[in-house]
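Peer 1: Sharing a structure, written as structure tokens. Questions coming.
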Amino acid sequence: MSSLDLRRLRQNEHVRALTREVHVQLDQLIQPLFVAEGLTRPQAVPGLTGVHQESTDSLLRQVEADLAAGVTKFLLFGVARARAERQIDWSFTAGQVRALKARFGHDIWLATDVCLCSSTPHGHCGVLNAEGDHLDNDASVAELVQAALAYAQAGADCVAPSDMMDGRIRAIRTALDDAGLERTILMSYAVKFHSTLYGPFRVAAGSAPKSGASLKDRASYQLDPARPGDAWLCAERDANEGADILMVKPGLPYLDLLRELSRAIRKPWAVYHVSGEFAALEALVAQGLANRAPLHREILIAFRRAGASMIITYGARYARDWLAA
Ligand code: PBG
Ligand code: ZN
């Protein structure tokens, strides 16, 4: 026994590389994209370096640039101009899916977020009841199913419901299969917490609950951070209802659950490093208090160590540099 017992394997980069257990690869990262109807030029999203609300034209240019940066997997959020509560028109976002797949085909893997919050007048993720104080579960699921069908028919490789209604996974899977879309992958935002870390996203997606609405926030449908047991129930339920991929969201505050759930439920797990988490890192960098590449690398490694197969991150388009640095 020498005093160098554990430090011996840390002494240079060669031996550190040989002993590393966890790796992050660019092809495990998914880049979110926002496209808004009626925009003539891209609009920067506050807090999210390099992320824009794209116009229909700039969306295609952005994906081209992302492909050149080695990114091939995307999660699309569409923001249509018109808002309605029922019989929502999904054609704007479906059209963007069609355009992306027509241009890039199998060079990209395109997931499309399925939710109502960018489309409803009040900004909630579902249909409000008559009293305006609760979301009507079944009416919401009926709308979500139509969105998922529209996106899958337009060629999305994956549909990803983020609304947190009950029973939407089975309803969407059944509708996809009935429509002959049995190859469309279903990624469930299964373990999505009621978080204060969604701020920049809500600007980008135009999806903040409107002030003055009688239902003030999303606490009646997203998970309570102090109730991990509910995370297990949601994950098991969505796995049984036919989700192909399960997700934990946000990432860093919920690594405990990502670790436990990904060991227990043997489906692929995604983690969403959400907008507020990403913006917080960028704020450290902007103040000169952290080095950008190693900071982001450390966080990406944490997600992989905790059991994520894939990571949804606003930084995917920079990650080739970050991982090489
Ligand atoms: C809404 C939705 C949210 C995100 C994705 N879809 C947040 C919310 O509940 O308002 C968050 C993503 C992020 O913050 O990066 N269905
Ligand atoms: Zn929503």
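Peer 1: With label points built 7 Å along Cα→Cβ from the Cα atoms of ARG320 and ASP5, find their separation and express it in nm.
Peer 2: 4.5
Peer 1: I've got another one for you. To test your reading of the geometry: what angle, between 0 and 90 degrees and rounded to tens, separates the Cα axis of helix 275-286 from the longest principal axis of the chain?
Peer 2: The two axes meet at around 40 degrees.
Peer 1: For the chain, please report how many Lys pairs fall under 28 Å Cα to Cα, leaving out neighbours fewer than 8 apart on the same chain.
Peer 2: 13
Peer 1: Something else about it: At a 1.4 Å probe, what is the % contribution of carbon and sulfur to the accessible area of the chain?
Peer 2: 51
Peer 1: Report, in degrees rounded to the nearest 10, the 0 to 90 angle that the Cα long axis of helix 255-264 makes with the longest principal axis of the chain.
Peer 2: So the inclination is approximately 80 degrees.
Peer 1: Using the basic label-point model (7 angstrom from Cα toward the beta carbon), what is the ASP230 to ARG83 distance in nanometres?
Peer 2: A separation of 2.5 nm, rounded to one decimal place.
Peer 1: Is the range 25-324 best put as rounded, prolate or oblate by its Cα gyration tensor, with a ≥ b ≥ c the root eigenvalues, rounded for a/c under 1.5, and otherwise prolate when a/b is larger than b/c, oblate when not?
Peer 2: Rounded.
Peer 1: Along the charge dipole of the range 41-98, pointing to its positive end and built from +1/-1 on Cβ of Lys, Arg, Asp and Glu, which listed residue (ALA80, LEU48, GLY95) has its Cα farthest out?
Peer 2: Of the options given, the answer is ALA80.
Peer 1: What is the sum of charges around VAL274, taking Lys and Arg as +1, Asp and Glu as -1, for the other residues whose C-beta is under 11 Å from the C-beta of VAL274?
Peer 2: Charge balance in the 11 Å sphere: +2.
Peer 1: Output the 0 to 90 degree angle, nearest 10, between the alpha-carbon long axis of helix 56-68 and the longest principal axis computed from the alpha carbons of the chain.
Peer 2: 20
Peer 1: TYR221: net charge of surrounding residues, Cβ under 13 Å, Lys/Arg +1, Asp/Glu -1, itself excluded?
Peer 2: -3
Peer 1: Quick one: which residues, 5 or more positions from ASP136 or on another chain, have an amide H under 5 Å from its amide H? H modelled 1.01 Å from N in the peptide plane, none for Pro or chain starts.
Peer 2: Distant-sequence amide H within range of ASP136: VAL127, LEU128, ASN129.
Peer 1: How much accessible area per residue does the range 25-324 have, counting only protein heavy atoms and a probe of 1.4 Å, in square angstrom?
Peer 2: On a per-residue basis, 40 Å².
Peer 1: Where does each of 183-191, 84-92 land if you order them by average Cβ count within 10 Å, highest first?
Peer 2: Listed from highest to lowest mean packing, they are 183-191, 84-92.
The values are calculated or read from the model by the stated rules, or taken from the named source; none is laboratory data. Source: prediction; values computed, not measured. FYI the Cβ positions are ideal-geometry reconstructions off the backbone, even for glycines, and counts take in every protein chain you see. Remember, those area values only see protein heavy atoms, side chains included, never the ligands or the DNA or RNA. Shrake-Rupley method; radii C 1.70, N 1.55, O 1.52, S 1.80 Å.
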